[in-house]
Amino acid sequence: MRNAVPHLHRDRHGTFYFRITDAGKTIKRSLRTKNVELATMRAACLNYEWDAMNRRIEPTVAEIQQALSEGRIKQFDVELPNGVKLKNINNDDDARRAKELLANIGPISQPIAARATIPEAPRTLGPVLRTATKAFVKELRTSKLHKAKGIEDKEATYEQFATQFNNPKCGEIDKAMVLAFKEAHLKNAGAGRVNTKIGHMSVFFDWAIGHGFADANPFTGTRIGKKSQLVKGVQSYEPFTAGELKLIFNPKTYPDYATKAHFHWLPLLLLYSGARPEELASMPLDNIRSEGGIDYFAVASGKNSNSIRKIPFHKAIRNSGFPAYVKMRRKMDPGGMLFPDLSPSKNGYCKNVSRRFNESYLPQLRITESTKRLYSFRSTFITRMTELNVNPGMLMALVGHYEQTAVDLSSPHFKNYQGTKLLMALQSTIDLFDTKIPLTL
């Protein structure tokens, strides 16, 4: 880019920077703005200061006095840094008087040009936080690359920060505010949740810097510990014991709990599939499919690409009333949901099922450990399959820990499945799960 102001350039992101070469060395400095008028002023200021630093330095008082003493100066004019001028020094007598005058003046500061430094660029303040975050959130929604819940969580964080600090301008937010925000939330939330909020703010500031709303990201380096350290402190879900499964699926108590289709089928499907609760609670009828005589759940989204997979029906499910339930639902609402009474919320489709099972049914059975929840059916499936020495690669592909499209049945790791189609191999693998329950499906 060509500019009227020397040394002013713009990078591929539209941000201006100052670049100059001195003694073969190139110096670059970001001007931290995409605004051409502001960049021009900042570059002009830097050009002026750079010229001042590189002007010829006039002799110091000591150098002049030395030259006079040695008789090396015969005729000259001198203008001192403090504005004093000595003119028409033409002979030894003039030089003697100049020497005496300089001695009487005393120490004189070095020329201003010799002490010049490049000042910091003016601080960017940008718009107020609510205005900027509103524009950021609008971009997130327009891109359609982010889940609605994630965007709503970010909005909540931005509003909390704006409320706590009276909606400051983006460039006014500093480390002190960040630490105060973190401290306030640590009183009511764990380190993981606080780190999530810091992440929300940090992502926004990266965007704000790119748009010229701020100079730096004050949230950088403020997370609590490393992710690996926090994971160790996260409570995992334990599998149900055989005795607990008998209590849960007791034919005398389970019908009183399972008053609707989703209450009845979800725990059973989770036990015999190892799926995540939300994956089946949000299942459209169109994602229950059949291929080569094998019925399966097609999980189309989830935590990551590994979550996208096919889960064949376990033999216990194939022989239950579930296929008839699916057939009935398709007849009633061909393009509908597997469980039509479940509505999406901020926390997904499974919230009400999880609450009823975790907070009502399990306590009723005196299963009160905090690590025993609806999600424990997944842990029960994985634990039992591991005990049965099921092929680890096939188990990971079933539960969404390994991308199914990357499974190569011709490799030595899958020698027992060579010559078999993947879906058929998954079917034979899931049927190895042998946990029995007293309930008639």
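The values are calculated or read from the model by the stated rules, or taken from the named source; none is laboratory data. Keep in mind the model is a prediction, meaning the values are calculated, not measured. FYI the Cβ positions are ideal-geometry reconstructions off the backbone, even for glycines, and counts take in every protein chain you see.
The C-beta contact set for the range 291-310 (first residue in contact (Cβ under 8 Å) with a residue 12 or more places away in the chain and assigned by TED's automatic domain parsing to the domain that holds residue 339, second residue polar (S, T, N, Q) and assigned to a loop (DSSP other than H, G, I, E, B), distance under 8 angstrom, 6+ apart or interchain) comprises 297/273; 307/301; 308/301.
Any residue at all in the range 375-397 that is more than 23 Å from residue 315 (Cβ to Cβ) and either in the same structural domain as residue 304 (by TED's automatic domain parsing) or at pLDDT 90 or above (or both)? Looking through the range 375-397, at least one residue is more than 23 Å from residue 315 (Cβ to Cβ) and either in the same structural domain as residue 304 (by TED's automatic domain parsing) or at pLDDT 90 or above (or both). Of the residues 184, 214, 148, the single one that is buried (at least 19 other Cβ atoms within 10 Å of the Cβ) and over 14 Å from the mean Cα position of the chain (by Cα) is 214. As a summary of the residue check, residue 192 satisfies the conditions (1) touching a Leu at 6+ places or on another chain (Cβ under 6 Å); (2) free of Cβ contacts under 8 Å to residues at least 40 places away in the same chain except for the one numbered (2). The number of residues in the range 311-353 being surrounded by fewer than 19 Cβ atoms within 10 Å (Cβ to Cβ), in contact (Cβ under 8 Å) with a residue 12 or more places away in the chain and either within 32 Å of the chain's Cα centre (by Cα) or more than 19 Å from residue 288 (Cα to Cα) (or both) comes to 4. For the range 270-301, enumerate the residues that are in a loop (DSSP other than H, G, I, E, B) and crowded, with 16+ Cβ neighbours inside 10 Å. Within the range 270-301, 272, 273, 274, 275, 276, 282, 283 meet the criteria. Yes or no: the range 189-205 includes at least one residue that is closer than 18 Å to residue 126 by Cβ, of a type in the set (Phe, Trp, Tyr), out of contact with any Asp or Glu (no Cβ under 8 Å at 6 or more places or on another chain) and assigned to a helix (DSSP H, G or I). Yes, the conditions are met somewhere in the range 189-205. Against the conditions (1) assigned by TED's automatic domain parsing to the domain that holds residue 276; (2) of a type in the set (Ser, Thr, Tyr); (3) in contact (Cβ under 8 Å) with a residue 12 or more places away in the chain, residue 420 satisfies every one except (3).
Condition check ((1) assigned by TED's automatic domain parsing to the domain that holds residue 214; (2) in contact with a strand residue (DSSP E or B) (Cβ under 8 Å, 6 or more places away or on another chain); (3) surrounded by 14 or more Cβ atoms within 10 Å (Cβ to Cβ); (4) more than 14 Å from residue 212 (Cα to Cα)) across all residues:
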| position | (1), (2), (3), (4) |
| --- | --- |
| 7 | no, yes, yes, yes |
| 24 | no, no, no, yes |
| 34 | no, yes, yes, no |
| 41 | no, no, yes, yes |
